[in-house]
Amino acid sequence: MFCYQCQETAGCTGCTVKGVCGKTPEVARIQDLLVYVTKGISEVTTKLRAEGKTISKEDNHLITLNLFTTITNANFDFDVFVQRIYNTLDAKKRLIAQLDDASSLSPVALWDERDVNVMDEKARTVGVLATENEDIRSLRELTIYGLKGLSAYSKHANMLDYDSEEVDAFLQEALYKTTQALSVDELIALVLATGEAGVKGMALLDSANTGTFGNPEITEVNLGVRNNPAILISGHDLSDLKELLEQTKGTGVDVYTHSEMLPANYYPELKKYGNLVGNYGNAWWKQKEEFESFNGPILMTTNCIVPPKDSYKDRIYTTGSAGFPGCKHIPGEAGSTKDFTEIIEHAKKCASPTQIEEGTIVGGFAHNQVLALADQIVEAVKTGAIKKFVVMAGCDGRQKGRNYYTDFAKALPKEAVILTAGCAKYKYNKLNLGDINGIPRVLDAGQCNDSYSLAVIAMKLQEVFGLEDINDLPLVFNIAWYEQKAVIVLLALLFLGVKNIHLGPTLPAFLSPNVAKVLVENFGIAGIGTVEDDIELFFS
Ligand code: FS2
Ligand code: SF4
């Protein structure tokens, strides 16, 4: 196996024996093969579109979900990947038959084998290292990881019945292009175009979320527990939470959010449920302790799953892109209702959660809410009460070096406000950093995809202050990354013209020295230093 798609990759170069995430070599290879057949079907759909044909929602969703299941910590179930490959090969065959001219199809598009041993042999030849030139490989993988992130956001929008033919067509064409002999310059253009599609994908999901659940509003989220049996819901899929809340209503079973599901508490159409108690625990990587003490069943709607301990494995349920061998998967696609009866009945037999925290935290500062406070914020900037906004969005993770972000937040001058989104927030959202004239010093916009909100806020501030360039705002970016959704967020920010982003705790292993140089020279991308040096750099 060879995988270097996430920040934790072994030795900052690549996982070759087993994933640091827990992914086995067999699963790593079958994921590579799923990406390969997804490239193949994407070539076919791209050629069908060129012939003026329409691709169905179902086929678009199949491709999107294929990529999403290969994101770090989403799915560890070998059989799921085999089945997805079979389904993709079936769909591909059907689509090839619709082509007027199939003569130009590449071997990638034509590959079709169902024997698991033959599939494994093939998988060994189509992974990341199949591209020999390290710069071409780097740019192809940077594109693919961006597309994986985009697929996650698209899938969440699709579940709420929001689709974008433009985003789907781009995703498929770009994936197809990663199999083509493009030059370095063409691949750099593809990377930037992926960032543009990322903005559109995040905007689509923003419309889906706010159109369905209302605009996030300032909300105090309870961290304590009640004395009822309960279900913990983790991941990013708000439609799953909505269905779970509907189905648990009046059953005596409470629901708590976990990790990236925390921002669900900010949405009017979700927070209105009396049995949505609050948030339990912290970022994904602490789940081994926190799932133990939760006592009830846990529903994982997306990544990030940590391979569960036997002591609570029977309480883990997965749905959507998520999967883990031996854990019950609840089926259901866009347009269908998921049946959570089993998990609700399971909860009734469990003890109520053990309290691990108390009090509240405040969030809900997505674009609509922040823009409602714009006058107050602009005034604070004009008077110097706020001197700088620091975007600290992205991911959290278990690496010790990530304590940098807690220390950095603590060391910020009192006139700095943190704008956050994603699970990165757990490094500083419980620090009680206070407020500036009533404006909290940590403004949580929501999930990692709500980095879009931060971009909207920045663009609005640019307009209010009459600035030519977004980089003239008193705004710095110190972003933490872990998996591929952070890659699409980064590419989206680059597309929007944001410069001098600091990215940590380490730079991606998939950036070759030459590609890293392009990012440094053209966009001022940098890593992180010591807290002292970086505070000095940002505030001098
Ligand atoms: Fe955190 Fe994991 Fe949000 Fe990432 S819960 S690292 O998926 O996408 O952020
Ligand atoms: Fe390694 Fe990350 Fe790939 Fe897992 S996802 S195998 S930790 S690089």
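The values are calculated or read from the model by the stated rules, or taken from the named source; none is laboratory data. Please read these numbers as outputs of a predicted model, since none were measured by experiment. Reconstructed Cβ throughout: ideal geometry from the backbone, glycine too, with neighbour counts over all protein chains shown. Note: areas computed on protein heavy atoms with side chains; ligands, DNA, RNA excluded. Shrake-Rupley method; radii C 1.70, N 1.55, O 1.52, S 1.80 Å.
What the table below lists for this structure:
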{"quantity": "Debye log10 I(q)/I(0) at q = 0.10, 0.12, 0.16 Å⁻¹ for segment 128-271, Cα point scatterers", "calculated": "-0.48, -0.62, -0.86"}
{"quantity": "Percent accessible area from carbon and sulfur atoms, segment 68-175, protein chains only, probe 1.4 Å", "calculated": "47"}
{"quantity": "Of 425/485; 328/348; 39/177; 400/427; 93/148; 242/425, pairs whose Cα-Cα distance is over 20 Å", "calculated": "93/148; 242/425"}
{"quantity": "Full-stretch length increase - residue 2, residue 269 - with 0.36 nm per residue and alpha-carbon distance subtracted", "calculated": "91.8 nm"}
{"quantity": "Relative packing of peptides 489-495, 266-272, 98-104, 314-320 - highest average C-beta neighbours within 10 Å first", "calculated": "489-495, 314-320, 266-272, 98-104"}
{"quantity": "Contour minus Cα-Cα distance for residue 536 and residue 293 (0.36 nm per residue)", "calculated": "83.4 nm"}
{"quantity": "Projected-area average for segment 371-515 over all orientations - Cα convex hull basis, square nanometres", "calculated": "8.8"}
{"quantity": "Under 16 Å from the residue 184 label point (7 Å along Cα→beta-carbon), backbone N, segment 503-540", "calculated": "511-523"}
{"quantity": "Cα-projected label distance for residue 16 with residue 166, points at 7 Å along beta-carbon direction, nm", "calculated": "4.4"}
{"quantity": "Paramagnetic label zone (point 7 Å from Cα along Cα-to-C-beta, residue 83; backbone N under 17 Å) in segment 305-319", "calculated": "317-319"}
{"quantity": "Difference of contour (0.36 nm per residue) and Cα-Cα distance, residue 333 to residue 220", "calculated": "37.5 nm"}
{"quantity": "Accessible surface of segment 201-328 [probe 1.4 Å, protein heavy atoms]: carbon and sulfur percent", "calculated": "46"}
{"quantity": "15 Å beta-carbon shell around residue 46, net charge (K/R +1, D/E -1)", "calculated": "-3"}
{"quantity": "Label-point gap, in nm, between residue 496 and residue 341 - each point 7 angstrom along Cα→Cβ", "calculated": "4.5"}
{"quantity": "Size of the chain as Cα extents on the principal axes (Å, biggest first)", "calculated": "67, 58, 43"}
{"quantity": "Cβ crowding within 10 Å averaged over residues, with 458-464, 64-70 ranked highest first", "calculated": "64-70, 458-464"}
{"quantity": "Residue 356 paired with residue 314, simple spin-label distance in nm, labels 7 Å along Cα-to-beta-carbon", "calculated": "2.2"}
{"quantity": "Solvent-accessible area per residue, Å², over the chain with all protein chains present [probe radius 1.4 Å]", "calculated": "36"}
{"quantity": "Mean ellipticity per residue at 222 nm, deg cm²/dmol - from DSSP H runs of n ≥ 4 across the chain, formula -39500 (n - 2.57)", "calculated": "-14000 deg cm²/dmol"}
{"quantity": "Range of Cα positions in segment 121-195 per principal axis (Å), largest first", "calculated": "40, 32, 15"}
{"quantity": "Rule-of-thumb Rg ratio for segment 230-387 [Cα; 2.2 N^0.38 Å; N residues]", "calculated": "1.17"}
{"quantity": "C-alpha center-to-center spacing [segment 100-145, segment 54-70] in angstrom", "calculated": "18"}
{"quantity": "Cβ-Cβ FRET estimate between residue 132 and residue 514, R0 fixed at 22 Å, reported to 0.05", "calculated": "0.90"}
